[in-house]
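Peer 1: Below you'll find the structure I mean.
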Amino acid sequence: MPEPSIEPRPSRELRPSHDSSRIPDSRRGRGPSSWLRPAATVTLFALAISLIVTGVGPAYGDLVETRRALLDQENRNLELEQECERLDREADALENDPVAVERAARRHLRMSRVGEFRLR
């Protein structure tokens, strides 16, 4: 009986199913990384915008409220300065003007001269 001859099988090289040199540049790299990178970029951009909006929004509202409160206080200060000036003039008149003293006594203390009658 003759011995069977064993011939080596032809080698099978692992080759890609397509030749990448034939694929147009616009279609190369269409794996998960090709759509994942833009999606991640858009997601990060949206996250950054939302953080900016939520971080700046309340701060801007506080700024407007603070400016409004400052304007109210400035108006109140102006009113108080005017009242101080009026009271200074009144105090000066009470110190130096006898007619102003008599007028204040009649108005605030309900005083009258001898022989005068006060009507109520």
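Peer 1: Mind counting the residues in the range 90-120 that are surrounded by 10 or more Cβ atoms within 10 Å (Cβ to Cβ) and in a helix (DSSP H, G or I)?
Peer 2: 12
Peer 1: Does residue 11 satisfy the condition of being modelled with pLDDT under 70 and either surrounded by 10 or more Cβ atoms within 10 Å (Cβ to Cβ) or among the small types (Gly, Ala, Ser) (or both)?
Peer 2: yes
The values are calculated or read from the model by the stated rules, or taken from the named source; none is laboratory data. Given the structure is predicted, the values throughout are model-derived calculations rather than measurements. Please note: Cβ atoms are built from the backbone with ideal geometry, for glycine as well, and neighbour counts cover all protein chains shown.
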